[in-house]
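First comes the structure, then the notes that go with it.
The values are calculated or read from the model by the stated rules, or taken from the named source; none is laboratory data. Here the structure is a predicted model, which means the values were calculated and not measured. Virtual Cβ from ideal backbone geometry, glycine too; neighbours counted across all protein chains shown.
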Amino acid sequence: MNAFKNLILFIAVSVIGFMIFGWYSGIFARARVEVKFVGPYVAAYCDNIGKYSETRHIQDSLYNLLWEDGIENYKTFGIYFDNPKYADVKKLHSRVGCIIEKAYVQKAEKLSDKYNVLTIDRQQCAVVEFHFRNTFTIYAGIYKAYPLLKKYADENGYKQEPIIEIFDIPNRISFMMPLLKK
């Protein structure tokens, strides 16, 4: 009987622990789409073919290289062009990198032989944002934001554009879909 009580206690503590962790991580956070203008952003980037889970290493490497060159950057970004449900994982195309602070844009452009630099123009986007807490926040955001943005595009007559993810660590993750009429 004592073992049964301990099992029940263990299960109850585990469920409560999971619920608290899930709440903290944003798993239970309410997600909503806002329409707003975002940008412009200037970013150093690399194109990547392969698993999306590997892009974090590229972002970290670029982040460190930019700082070594005296270029401040506090945000990373990713544009993921293919849906991993329907595409070969080895052929997934993404563009990932770091957003350069405005005061350092000219310095980064002078290093164009070292970095690929792109401008993401100011544009109207459907946006879903989450407070960044930990890695699980990223997964919760992906599983909530992507369907919401695609549904919003379908219901309002917009093309389904690749979603731009911007990580403003340690504060926020933004998932943005440019709004272009069909």
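Here are a few things to note about the model shown:
- Residue selected from segment 6-56 under the condition of a type in the set (S, T, N, Q) and at pLDDT below 85, by the criterion nearest to Gly97 (Cα to Cα): Ser53
- Asp47 meets the conditions (1) surrounded by 14 or more Cβ atoms within 10 Å (Cβ to Cβ); (2) touching a Ser or Thr at 6+ places or on another chain (Cβ under 9 Å); (3) touching a residue at least 24 places away in the same chain (Cβ under 8 Å); (4) within 21 Å of Pro178 (Cβ to Cβ) in every case but one. The failed one is (1).
- Hey, Lys102 within 21 Å of Cys46 (Cα to Cα), under 13 Å from the mean Cα position of the chain (by Cα) and charged (D, E, K, R) or not: no
- Hits in segment 146-182 (condition: hydroxyl-bearing (Ser, Thr, Tyr) and within 21 Å of Ser94 (Cβ to Cβ)): Tyr146, Ser174
- Test for Ser112: is it assigned to a loop (DSSP other than H, G, I, E, B), farther than 30 Å from Gly157 by Cα, without any contact (Cβ under 8 Å) to a residue 12 or more places away in the chain and out of contact with any His (no Cβ under 8 Å at 6 or more places or on another chain): yes
- Whichever residue in segment 96-108 is touching a residue at least 40 places away in the same chain (Cβ under 8 Å) and surrounded by 12 or more Cβ atoms within 10 Å (Cβ to Cβ) and, among such residues, is farthest from Ile71 (Cα to Cα): Val96
For every residue, the table says whether it meets (1) surrounded by 17 or more Cβ atoms within 10 Å (Cβ to Cβ); (2) modelled with pLDDT under 90; (3) over 13 Å from the mean Cα position of the chain (by Cα).
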residue: Phe132; (1), (2), (3): yes, yes, no
residue: Phe136; (1), (2), (3): no, yes, no
residue: Leu149; (1), (2), (3): yes, no, yes
residue: Glu155; (1), (2), (3): no, no, yes
residue: Lys159; (1), (2), (3): no, yes, yes
residue: Ile164; (1), (2), (3): yes, no, no
residue: Phe167; (1), (2), (3): yes, yes, no
residue: Lys182; (1), (2), (3): no, yes, yes
